[in-house]
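Below is one structure, written out as structure tokens; the observations come after it.
The values are calculated or read from the model by the stated rules, or taken from the named source; none is laboratory data. None of these values were measured; they are calculated from a predicted model. Backbone-built Cβ (ideal geometry, glycine too); neighbour counts: all protein chains shown.
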Number of protein chains: 2
Amino acid sequence: MTYSQLELKNQICFPFYSVSRLITKAYKPFLSKIGLTYPQYLVMMVLWESDGMRINEIKEKLFLDTNTVSPLLKRIESMGLINRTRSNEDERSVIVTLTKKGKELKELASPIPEQMLEGLAHEGITVEEISNLRNTLNNWIKALSDNKNDNKIK
Amino acid sequence: MTYSQLELKNQICFPFYSVSRLITKAYKPFLSKIGLTYPQYLVMMVLWESDGMRINEIKEKLFLDTNTVSPLLKRIESMGLINRTRSNEDERSVIVTLTKKGKELKELASPIPEQMLEGLAHEGITVEEISNLRNTLNNWIKALSDNKNDNKIK
DNA sequence: CAAGTTTATATCGTAAACGACATAGTTACA
DNA sequence: TGTAACTATGTCGTTTACGATATAAACTTG
């Protein structure tokens, strides 16, 4: 028996894990300029796209759980970028809205995607490749987040 | 101005980030059976492949920094799976070796890759797709970890 | 309509990640 | 040879992830 499947180079999760961390690292110089971490940037993108979301909607968009999102939002709130208010229709829900400062940050963030694409292009990664990969990865997300629901049934 | 590039669905990092977390989550039931977290499993795979590595080599294989690997190894050591000893040739280096228990764990871990592949196949993800993706991702890793070296020059 | 269940959010504890900084050993070179 | 630069590892503090658990509001169903 060779155990070759246990070798790092034959793993599929490991490349995902590494690329994810390395890309996040590549974002860092741009994000630190506007004072956000990568997960905070994700939350802000969700809100820039659709202000006034419930926490539940944010959490589902990002495939995160409340125990991650809750403190994350708390920190973003303490930075003065968002407000959290209880919903009137459903007192369990919390509505997250952008403050003036939070809305203004969008302008500062707007060049980041372009700058990241330029950086990747500089490393020989084309827009086509990125586009293809995005489709593939979205299928994986669909497959894996369905899988997650299987666990709920247990 | 539409800001469409700031929409979540147009990001490339976000799918990587999500897939990485979702796959790690998919590993969890298998790994918890043998008492490892995903990063601990990575370290063990490196050592099963090549016992007696220096911390520096482990850290480079995994694209991690010492401030992540150091406590990680400490925890694995406290589980009795590895030993850490200073190198004689270079007193700065620490050699990591598997204990008997650490070597035996390989046998328990050996079915995991197959089980993961079955799980993915069940979600409609083929071995061919995984293989192609692995090649693509390895290119990204190369590109992004080169990029990292640029920062060192600064 | 009361009791059990579900849902939305939050808190706590542990393990990663990682920037900043510390320390001891090694190398280089003036 | 001595001192500056570099290397390998480690610690500390902050932020993520996430399992387990708590709490309050809203549903559901007998």
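Among the residues making up the stretch A:90-113, those that are more than 14 Å from chain B (Cβ to nearest Cβ) and away from DNA strand C (no atom under 11 Å from the Cβ) are A:THR97, A:THR99, A:LYS100, A:LYS101.
What do you reckon, is A:ASN132 under 18 Å from the mean Cα position of the chain (by Cα) and within 12 Å of another protein chain (Cβ to nearest Cβ)? Taking the combined requirement at face value, the residue does not satisfy it.
When we screen A:SER32, A:SER18 for residues that are facing another protein chain (nearest Cβ under 7 Å) and over 23 Å from B:SER4 (Cβ atoms), the only hit is A:SER18.
Pairs are defined by a Cβ separation below 7 Å, a sequence spacing of at least 6 or placement on different chains, a first member in the stretch B:69-80 that is within 14 Å of another protein chain (Cβ to nearest Cβ), and a second member that is near DNA strand C (Cβ under 7 Å from one of its atoms); the pairs so defined are B:LEU72/B:PRO39; B:LEU72/B:GLN40. When we screen B:LEU42, B:LEU36 for residues that are aliphatic (A, V, I, L, M) and closer than 16 Å to A:SER18 by Cβ, the only hit is B:LEU42. When you check A:ILE23 against the structure, is it facing chain B (nearest Cβ under 7 Å) and modelled with pLDDT under 95, yes or no? Judged against the criteria, A:ILE23 is not a match.
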